[in-house]
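For reference, the structure discussed in these notes is given below.
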Amino acid sequence: MWLVDARNTKSETAGEGGSNSLIHTWHMEAMSLGQAIWIGACQILSAVFPGTSRSMSTIAAGQLAGMSRASALEFSFFLSIPTMVVATCYDLLKSLRGKGENAIGVSHIDAHGWIVLAIGFVVSFIVAYAAVAWFLAWVRKHGFAAFAIYRIIVGGAVLAWAMGYLGK
């Protein structure tokens, strides 16, 4: 993550179409079919390796394929929407049928419960939209170095804990 982002930083600061630019896709709408297939393949591979972030693998793949940081990040968010919608609908269907761990069942929800559920949905959507907008703006300006450092520190702490736990 850090190496790929650092590789593209010079191109990002040079601006659109700068000389010696590694980036040739500055806007998500201009990405090629080949770039999309490459990013999808990397997303599939991220599922093979435990602990690999799906979104980070798609962002890094986009940057390796010549996309700007912003366009790769935006595509990664759009790529996650179908998965999240299907997972949410499946979970809701299980709940409404009364199956699963957190089944709510239609007969258990009164009118007030549906209103509370709708308000929760709307508030969650607004907060998620604001968080994504803030994150996109922050990453456009600062890059992924802070997230790479965070992952290294947390990964090291988890490994140290696991070694201590397994050594007993």
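With the requirement that a residue be within 13 Å of the chain's Cα centre (by Cα) and either assigned to a loop (DSSP other than H, G, I, E, B) or more than 20 Å from G155 (Cα to Cα) (or both), what does segment 43-57 give you?
Selection gives Q43, T52, S53.
Looking at G155, G66, G113, can you tell me which residue is farther than 28 Å from W38 by Cβ and either at pLDDT below 90 or surrounded by 12 or more Cβ atoms within 10 Å (Cβ to Cβ) (or both)?
Numbers: G155 fails: farther than 28 Å from W38 by Cβ; G66 fails: farther than 28 Å from W38 by Cβ.
Being farther than 28 Å from W38 by Cβ and either at pLDDT below 90 or surrounded by 12 or more Cβ atoms within 10 Å (Cβ to Cβ) (or both) holds for just one of G155, G66, G113, which is G113.
For the condition over 19 Å from S55 (Cβ atoms), small (G, A, S), at pLDDT 90 or above and assigned to a helix (DSSP H, G or I), what is the one hit in G120, G164?
On inspection, the qualifying residue turns out to be G120.
Quick one: which of A47, A30 is surrounded by fewer than 17 Cβ atoms within 10 Å (Cβ to Cβ) and either at pLDDT below 85 or not small (G, A, S) (or both)?
On the way: A30 fails: either at pLDDT below 85 or not small (G, A, S) (or both).
It is A47.
I need a count of the residues in segment 69-81 that are closer than 12 Å to V139 by Cβ and open to solvent by 10 Å² or more (accessible area, probe 1.4 Å).
4
Can you tell me how many residues within segment 124-168 are closer than 23 Å to M28 by Cα and not hydrophobic (A, V, I, L, M, F, W, C)?
5
The values are calculated or read from the model by the stated rules, or taken from the named source; none is laboratory data. All values reported here derive from a predicted model rather than from experimental measurement. Here Cβ is always computed from backbone atoms with ideal geometry, including for glycine, and neighbour counts include all displayed protein chains. Heads up: the accessible areas ignore ligands, DNA and RNA and are worked out on the full protein's heavy atoms, side chains in. Shrake-Rupley method; radii C 1.70, N 1.55, O 1.52, S 1.80 Å.
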